[in-house]
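Okay, structure first, notes after.
The values are calculated or read from the model by the stated rules, or taken from the named source; none is laboratory data. None of these values were measured; they are calculated from a predicted model. Here Cβ is always computed from backbone atoms with ideal geometry, including for glycine, and neighbour counts include all displayed protein chains.
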Amino acid sequence: MKVAVVKNILEANQRIAAENRQAFDERGLLVINLMSSPGAGKTTLLEKTIQLLKGEWKVGVVEGDIQSTYDAERIGKTGAPVVQINTGGACHLDSNMVREALKTLELGNLNLLFIENVGNLVCPAEFQLGEHFKAMILSVAEGDDKPLKYPLMFQESRVLLINKIDLLPFCDCNVNLMEERARAINPSLQIFRVSCRTGEGLEGWISWLRGEMNKQGRS
């Protein structure tokens, strides 16, 4: 039966996710599952974040894509350790894919690990990977209606980065309405307005990350 098969898949994923989480906690590693639609700016955010934290924390990245190593190559140029996962058609990462990828990373040498999920506003929200929390990026070019259309992403995320605010003069997007709709779904959502291209607003995101590391005693 389809329902039973789906349930078994999710239960198996949860079990492996719990094992991943244990491995992260044993090493004092903070892990963030980064999600968005294609082109919203995940990789650019990671490049900027790694640069801003250089010399302070050791940051690693797991890159998820259907095909290619393009994003992993970009991250590699920052000097951060990175491993690529190609899903071969799957629209999201799962905990087993992440577990296999972790074998090529020296987790004990890292303070912070980002898992850049496959670009998709649906499936990635449904699968735990062992992360401590999910963060999502939404660009202003995508419109302020996305919280209404993809509520699970906003329910599951702890952080929302509204990216490409430098494009607001050229977009028909009401950022205040976007935030209002997002918070109606998830009142505790932490929201940052940023431009990964210009760097505007990124200091708030970095400050929040530092706070999370200090709060959990990981810094």
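Pull up region 155-205, narrow it to residues that are over 13 Å from residue 135 (Cβ atoms) and among the basic types (Lys, Arg), then point me to the one that is modelled with the lowest pLDDT.
Selected residue: 197.
Mind telling me which of the residues 14, 84, 51 ends up being surrounded by fewer than 21 Cβ atoms within 10 Å (Cβ to Cβ) and under 22 Å from residue 165 (Cα atoms)?
51
With 64, 108, 119 as the choices, which residue is out of contact with any Phe, Trp or Tyr (no Cβ under 8 Å at 6 or more places or on another chain) and more than 21 Å from residue 24 (Cα to Cα)?
Residue meeting the stated conditions: 119.
Could you tell me how many of the residues in region 152-184 are touching a residue at least 24 places away in the same chain (Cβ under 8 Å), assigned to a helix (DSSP H, G or I) and either farther than 17 Å from residue 36 by Cα or in contact with an Asp or Glu (Cβ under 9 Å, 6 or more places away or on another chain) (or both)? Even if it seems obvious, please write down each step before you answer.
Start the filter on region 152-184 by keeping residues that are touching a residue at least 24 places away in the same chain (Cβ under 8 Å), which leaves 152-168, 171-175, 177-178, 181-182, 184.
Remaining after also requiring assigned to a helix (DSSP H, G or I): 152-156, 165-168, 175, 177-178, 181-182, 184.
With the extra rule that they be either farther than 17 Å from residue 36 by Cα or in contact with an Asp or Glu (Cβ under 9 Å, 6 or more places away or on another chain) (or both), the set shrinks to 152, 156, 165-168, 175, 177-178, 181, 184.
Looking only at that region, the number is 11.
Hey, residue 125 hits all of (1) part of a loop (DSSP other than H, G, I, E, B); (2) surrounded by fewer than 23 Cβ atoms within 10 Å (Cβ to Cβ); (3) among the aliphatic types (A, V, I, L, M) but one; which does it fall short on?
Unmet for residue 125, out of (1) part of a loop (DSSP other than H, G, I, E, B); (2) surrounded by fewer than 23 Cβ atoms within 10 Å (Cβ to Cβ); (3) among the aliphatic types (A, V, I, L, M): (1).
Based on what the data block shows, is residue 131 surrounded by fewer than 18 Cβ atoms within 10 Å (Cβ to Cβ), out of contact with any Phe, Trp or Tyr (no Cβ under 7 Å at 6 or more places or on another chain) and charged (D, E, K, R)?
Here the answer is no, as residue 131 does not meet what is asked.
Is there any pair linking a residue in region 29-40 that is closer than 13 Å to residue 123 by Cβ and part of a loop (DSSP other than H, G, I, E, B) to one that is among the acidic types (Asp, Glu) and at pLDDT 95 or above, with Cβ under 7 Å and at least six apart or on different chains, and which?
Here the result reads 37/142, each pair linking region 29-40 to a residue that is among the acidic types (Asp, Glu) and at pLDDT 95 or above.
All but one of (1) crowded, with 17+ Cβ neighbours inside 10 Å; (2) over 21 Å from residue 200 (Cβ atoms); (3) in contact with a Ser or Thr (Cβ under 8 Å, 6 or more places away or on another chain); (4) β-branched (Val, Ile, Thr) hold for residue 66; state the number of the condition that does not hold.
Unmet for residue 66, out of (1) crowded, with 17+ Cβ neighbours inside 10 Å; (2) over 21 Å from residue 200 (Cβ atoms); (3) in contact with a Ser or Thr (Cβ under 8 Å, 6 or more places away or on another chain); (4) β-branched (Val, Ile, Thr): (1).
So residue 62 fits all but one of (1) touching a residue at least 40 places away in the same chain (Cβ under 8 Å); (2) part of a loop (DSSP other than H, G, I, E, B); what number is the exception?
It fails just one condition, (2).
Conditions tested, residue by residue: (1) among the basic types (Lys, Arg); (2) farther than 21 Å from residue 16 by Cα; (3) within 17 Å of the chain's Cα centre (by Cα).
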| position | (1), (2), (3) |
| --- | --- |
| 67 | no, yes, no |
| 78 | no, yes, no |
| 84 | no, no, yes |
| 100 | no, no, no |
| 114 | no, no, yes |
| 159 | no, yes, yes |
| 176 | no, yes, no |
